[in-house]
Amino acid sequence: MSLSVTPPTRLDLSVPAGNGLRRGFTTGSAATAALKAALLCLRGRTARVVDITLPGGELLAVEVRAVRRTDAGAYAEVVKDGGDDPDATHGAVIWVRVTPQDSPVMSFHAGEGVGTVTAPGIRVPVGEAAINPGPRGMLRAAAHEVAGHEAFAVTVGCVNGEQIARRTFNPRLGIVGGISVLGTTGVVEPMSLEAYMASVEVYVRVAVHARPDALVFTPGKLGRDFARDTLGVPPLAVVQMGNFVGAALDALQDALEEQARVDGPPVSAPPLLVAGHPGKLAKVLNGDWNTHSAHSGMAMNAVARVAARLGLPGALVDALHAANTVDACVDLLAGPDQGGPDQGRAVWAAVARDVAACLHGRAPLLPGVRVALFALDGRPLADESTPAAFPSGSLSDPHSDGGTP
């Protein structure tokens, strides 16, 4: 008796995303495709299109711009395609040079145009190539697929990457010499301003019309997973707003006003949970309602202001101001020399309350706003609400078990 095996799903980027725009692939996917082409070249095969496996298990076909043998191994290039997303690296040539090595562990190196991490707080150790954990996993998987347990030195570069990086936050993050190789899903979902705002408005109106017990707004995966897996919120009540926090709240306020005109007073509005990473959500405390890096500053100063208001030591407040990422702030606030977890919880709880109040001010017809903050690795940082209590039976009261997790 033979067991049938379901083949992996093939992702077709020519099929538009839900907002009608064209999707693309990340720098991590580009590097993975270049690596696979280079390894195939070492085995005598010249591929002009390669299939890579995305973190979600789907296959993606990627065109290879150039591939050739070198004295020490092989080299390949792929042109990064960001789809219809406004992306500094769209059209960039990502290249990979691969060299067999005796070490059993694959090593990663920054070629010309890819940055090197020089400051803590990034998800890559200081001194290493700015190739994030997601792309590193994809690169390892592609190498194993072609070459089994053979190990290689993998150098990733980008043509004109140092110039491209000047249009990103890399200089502020302490990443010098070029771009970062990024991507958690391998796919770039298009988020152009007008089209994505229009789609967010549709999602909000559909959710309000369904009259759920509560609504959930989230910038991305962290909040979406929390709403689905922890709270059991039905998908219809979850709005993935991306960077467009202000547009999503304006659409919600408009929908509630229209509903009030139809139903008459009192306004029957659900409470709102906003869940995600403080690196996005705390930006509203600076007045930044579009949290895309091209349209906003960074959130560390907002965290530092809250810490100063709470009376934390001046040296710690200065360190928070100087941090290169909000996750570096998470580490600073958790450190034993800075008061440990209790102090960190107090700061994040205050940040969450301030964000909740700010969001409620943008959509005042809501009975209350709850904000849940998470670190990038999914650890809960805070869960706080505006004074208006959440109705019984909607979402569990974040303070019922003693407050901030």
Provide the percentage of antiparallel DSSP beta bridges, counting only those with both residues in segment 95-174; round to the nearest 5.
-> 60
Among bridges DSSP assigns within segment 82-223, what percent are antiparallel (round to 5)?
-> 55
Just for the chain, what percent of DSSP beta bridges are antiparallel, to the closest 5?
-> 60
What is the set of long-range amide H partners of VAL187 at a cut-off below 5 Å, with H atoms built 1.01 Å from backbone N?
-> THR26
Would you mind working out the magnitude of the charge dipole of the chain relative to its Cα centre, with +1 at each Lys and Arg C-beta and -1 at each Asp and Glu C-beta, to the nearest 20 Debye?
-> 720
Can you give the angle from 0 to 90° between the axis of helix 133-147 and the longest principal axis of the chain, with both taken from C-alpha atoms, to the nearest 10?
-> 30
Compute, for ASP12, the solvent-accessible surface of its heavy atoms (probe 1.4 Å) with the complete set of protein chains present, and express it in square angstrom to the nearest 10.
-> 80
Expressed as a whole-number percentage, the relative contact order of the chain with C-alpha contacts under 8 angstrom and at least six residues apart is 13
Applying the Karplus parametrisation 6.51 cos²θ - 1.76 cosθ + 1.60 with θ = phi - 60° to the phi angles of segment 112-120, what ³J(HN,Hα) value in whole Hz is obtained for each residue in order, glycine and proline being reported as x?
-> 4, x, 10, x, 10, 6, 10, 9, x
On each of the three principal axes the extent of the alpha-carbon atoms of the chain, given in whole Å and largest first, is 75, 54, 48
Taking every Cα atom in segment 1-144, find the radius of gyration and the maximum pairwise distance Dmax, and write them in Å.
-> 16.3, 57
How much accessible area does HIS90 have with a 1.4 Å probe, in Å² rounded to the nearest 10?
-> 90
Computed, not fitted: 222 nm per-residue ellipticity of the chain from DSSP H runs ≥ 4 (each -39500 (n - 2.57)), nearest 500, equal to -10500 deg cm²/dmol
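In a shell of Cβ-Cβ distance under 14 Å around ASP81, excluding ASP81 itself, what net charge do Lys and Arg (+1) and Asp and Glu (-1) give?
-3
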Where only C-alpha atoms are counted, convex hull volume of segment 266-367 per residue in Å³ = 102
Cα→Cβ-extended label distance, 7 Å offset, between VAL105 and THR185, nm = 3.2
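Determine the sum of side-chain charges near THR291: Lys and Arg each +1, Asp and Glu each -1, restricted to other residues whose C-beta is under 14 angstrom from that of THR291. Walk me through the intermediate numbers first.
Numbers: positive: LYS280, LYS283, ARG362; negative: ASP288.
Net charge in that neighbourhood comes out at +2.
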Surface/4 estimate of mean projected area, convex hull on alpha-carbon atoms of segment 96-229, nm² | 11.4
Would you look at the GNM of the chain, springs on alpha carbons closer than 10 Å, and say which of ALA72, ALA375, ALA130 moves the most?
-> ALA72
Please work out how much accessible surface THR325 shows to a 1.4 Å probe, ignoring ligands, DNA and RNA, in Å² rounded to 10.
-> 20
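The values are calculated or read from the model by the stated rules, or taken from the named source; none is laboratory data. These numbers come from a predicted model, not from an experiment. Ideal geometry is used to build each Cβ from the backbone, glycine not excepted, and the neighbour counts take in all protein chains shown. Quick note on the areas: whole protein, heavy atoms, side chains included, nothing else; ligands and nucleic acids left out. Shrake-Rupley method; radii C 1.70, N 1.55, O 1.52, S 1.80 Å.
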